[in-house]
Structure formats: C-alpha cells, structure tokens
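Everything below concerns the one structure shown next.
The values are calculated or read from the model by the stated rules, or taken from the named source; none is laboratory data. What you see is a predicted model; the values in this text were computed from it and never measured. Cβ placement follows ideal geometry from the backbone for every residue including glycine, while neighbour counts extend to all protein chains displayed. We work out accessible area using only protein heavy atoms, side chains counted, and drop any ligands, DNA or RNA first. Shrake-Rupley method; radii C 1.70, N 1.55, O 1.52, S 1.80 Å.
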Number of protein chains: 2
Amino acid sequence: MVVDELTDDEVNRIFRALADATRRDIVRRSLVFTLSVSELADAYDMSFAAVQKHVALLEEAGLVSKEQRGRERIVRADLERIRRAQRYLDHFEQIWRSRTDRLDALLAEDETTSH
Amino acid sequence: MVVDELTDDEVNRIFRALADATRRDIVRRSLVFTLSVSELADAYDMSFAAVQKHVALLEEAGLVSKEQRGRERIVRADLERIRRAQRYLDHFEQIWRSRTDRLDALLAEDETTSH
DNA sequence: ATAAAGTACAACCAAATGGTTGTAGATGAG
DNA sequence: CTCATCTACAACCATTTGGTTGTACTTTAT
C-alpha cells in the first residue's frame, strides 16, 4: 500500500517550486536530458549560484534529485512527484463532486418527500 | 475551440496561490459553501485584512472570483482554473513520454541496423 | 604538482510575502 | 437618520525570495 499523503508543508514547497518559470524549465530539461548543475546553469542568463539555488528549491520540494558523478552533480527530475501534485489537485474536484452529490441527494429527497 | 494557453506569468500566479495552506482551504470552502469574505475570515486565526489579501491573491490567479451581493462579496472558486493547472502538469508527462519515445525509436533503429 | 572545473556556502541586497493596525466608503438594519 | 457591518486600501514591519559576489573544497586534467 502506497501512503499517498502529503503534508501541508510538502504541498507548499511543491507548488512554490513550480511557481517560477526558470524552475519549471529546469524540470523540463532534466526530464529530457542528463545534465549537471553547471550545464543547466549555462542555459540561463543568471549566475551559477542563482541556478544552484533554484535546483536546491526543487530538491527540497522533491521534484528533483542530485546524483554525484565525479565532480559533477547530475540533476534528475522526479516525474512521480509531479503526478502527486496532479493527484493532489484531484482533491478539489472530489470536494466539488461530493458537494453537488449532496445537493443532488437533497433534491432527490425533496422529490420523494413532496409526493 | 478553446485556447488553452497560459502565460508564464499566469502559471506563476496559479501555483504561487496554491502554495499556501490557508489559500487552499479558502478554495475548498468556497467550492462547497456560498461564503462572503468576512464569513471566510471567521474561519481563520488571523485578521480580516489578511484573509482579504489571500482572497485577492487567489483572485489574481483566477482561482476565485468575487460577486457583490448587497454589502457582501461572495467568493466563488473556479474549478476550471484548477483543472487547467492539472492539465498544465500533463505537459511534463508528455515531455517525458516523447523523450522515451525518441529513445525507443533509437533503440528500434539500432536493432534494425545491427542485423 | 598545478591548474581548471564543478560545486557548496556565506554574506549581502532589493523586492515580494504574509502578517498587522488604522482609516474611510458602501450598504443594510433599527 | 443613525449605527453597525462589510469591504477596500494604505502604511508599516519581519521574513522569505531571487538575485549577486566572493571564498573554499573536491575532483579531473595536464
């Protein structure tokens, strides 16, 4: 059984990490290519340290992991974490459905009680 | 035809807005109930103005809209916007798939060329 | 053995966040 | 009309964010 519960804090970090275009691009690139932090950094018009910080944020959110290979750190995106975020959003859909279901039940009840 | 394109800035705002537990709770509540800003504010241990700001952020993200009713503003969650965010995340899945598809194609090519 | 490459990390800064209080404008109730 | 309610908005403050530069450590290359 897979425990599919994310704490509020984890959800915060995931969405926070996704709320930046550079970080989303880093995720995309590392989904497709095998890239080190400095190779990633080359793609953006900002300092290495800035990109490093973005990767760190993604890592704290669990959207990315780093693997040492020689003197490089290879960044790997974790697609499963993205799927989790997606499934988390299902939650809202379910809440909405259960609300309308209850309304439906209420209406149905009205009908039965009214005749 | 529905143009389903979100700008980087819109995506930023949507995920930023979702990256806070209070705001996610506001979305949940306003999905289920018909609530004014002050009714929402009663649910949280913070000032009215603070909740007002959260609602404003959600509104800027398009996750919520306000409708005037007398002196109250009724907050309504927009489920469609949440679905959009979900579909946006599909994007990553597709990128990953197309990457492995390309790898598969490469491997298939290798097989045909190797015998 | 050096030098260069890749990374980590600290210190710093401007801007944005998440909260507060206070004031003022609409609107509904008595 | 007057008062209470609901909201808007500004000013303020502490913390976080997103960037910078600089220094130091590890690993590879010459």
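What is the angle, in °, between the Cα long axis of helix B:21-32 and the longest principal axis of the Cα atoms in chain B? Nearest 10 is fine, range 0 to 90.
It is inclined by approximately 80 degrees.
Let me spell out the model: positive unit charges on the Cβ of Lys and Arg, negative unit charges on the Cβ of Asp and Glu, origin at the Cα centre of chain B. What dipole size does that give, in debye rounded to 20? Mind dumping the intermediate values first?
Details: 19 positive and 23 negative charges, 157 e Å.
In total the dipole reaches around 760 debye.
Measure nothing fancy, just the Cα-based angle from helix B:8-18's long axis to the longest principal axis of chain B, in degrees from 0 to 90, nearest 10.
60 degrees
Using θ = phi - 60° and the Karplus relation 6.51 cos²θ - 1.76 cosθ + 1.60, list the HN-Hα couplings for the stretch A:50-56 in order, rounded to whole Hz, with x at every Gly or Pro.
For the stretch A:50-56, the Karplus-derived couplings read 5, 5, 3, 5, 4, 4, 4 Hz, x marking Gly and Pro.
Given a 1.4 Å probe and the protein chains all in place, what does the accessible area of residue A:66 round to, in Å² to the nearest 10?
Solvent-accessible area, nearest 10 Å²: 90 Å².
Residue B:21: net charge of surrounding residues, Cβ under 9 Å, Lys/Arg +1, Asp/Glu -1, itself excluded? List each step's numbers first, then the result.
Values: positive: B:23, B:24; negative: A:8, A:9, B:20, B:25.
Here the charged neighbours net out to -2.
Counting only heavy atoms of protein chains, what accessible area per residue, in Å², does chain A have with a probe of 1.4 Å?
61 Å²
Return the residues of the stretch A:9-56 for which accessible area with all protein chains present is lower than in the chain on its own by 20 Å² or more; set the probe to 1.4 Å and exclude ligands, DNA and RNA.
A:12, A:15, A:16, A:18, A:19, A:21, A:24, A:28, A:31, A:32
Quick one: grab Rg to one decimal and Dmax as a whole number for the protein assembly as shown, Cα atoms only, in Å.
Rg, Dmax (Cα atoms, Å): 21.9, 79.
List, shortest first and in nm to one decimal, how far the label point of residue A:105 (7 Å from Cα along Cα→Cβ) is from its counterparts in the other copies.
Nearest to farthest, the other copies are at 5.1 nm.
Where the label is 7 Å out from Cα toward Cβ, how close does residue A:9 come to the same position in every other copy, in nm, shortest first?
3.5
Once the label point is set 7 Å along the Cα-to-beta-carbon vector, what list of distances in nm do you get between residue A:33 and its counterparts in the other copies?
Label-point separations across copies, in nm and ascending: 5.1.
Hey, which lysines would be in cross-link range of residue B:66, C-alpha to C-alpha under 29 Å, not counting anything within fewer than 8 residues on its own chain?
B:53
So what's the net charge close to residue A:31: Lys and Arg +1, Asp and Glu -1, counting the other residues with Cβ under 14 Å from its Cβ?
Numbers: positive: A:23, A:24, A:28, A:29, A:76, A:81, A:83, B:97, B:99, B:102; negative: A:25, A:78, A:80, B:90, B:93, B:101.
Summing Lys and Arg as +1 and Asp and Glu as -1 gives +4.
On C-alpha positions alone, give me the angle between the axis of helix B:79-114 and the longest principal axis of chain B, in degrees, nearest 10.
Helix B:79-114 sits at roughly 10 degrees to that axis.
How large a share of the accessible area of the protein assembly as shown, in percent, is made up of carbon and sulfur atoms when the probe is 1.4 Å and the other protein chains stay in place?
For the protein assembly as shown, the apolar C and S fraction of the accessible surface comes to 48 percent.
If you keep only loop residues by DSSP, which GluC sites (Glu not before Pro) in the stretch B:1-54 have at most 11 other Cβ atoms within 10 Å of their Cβ?
B:5
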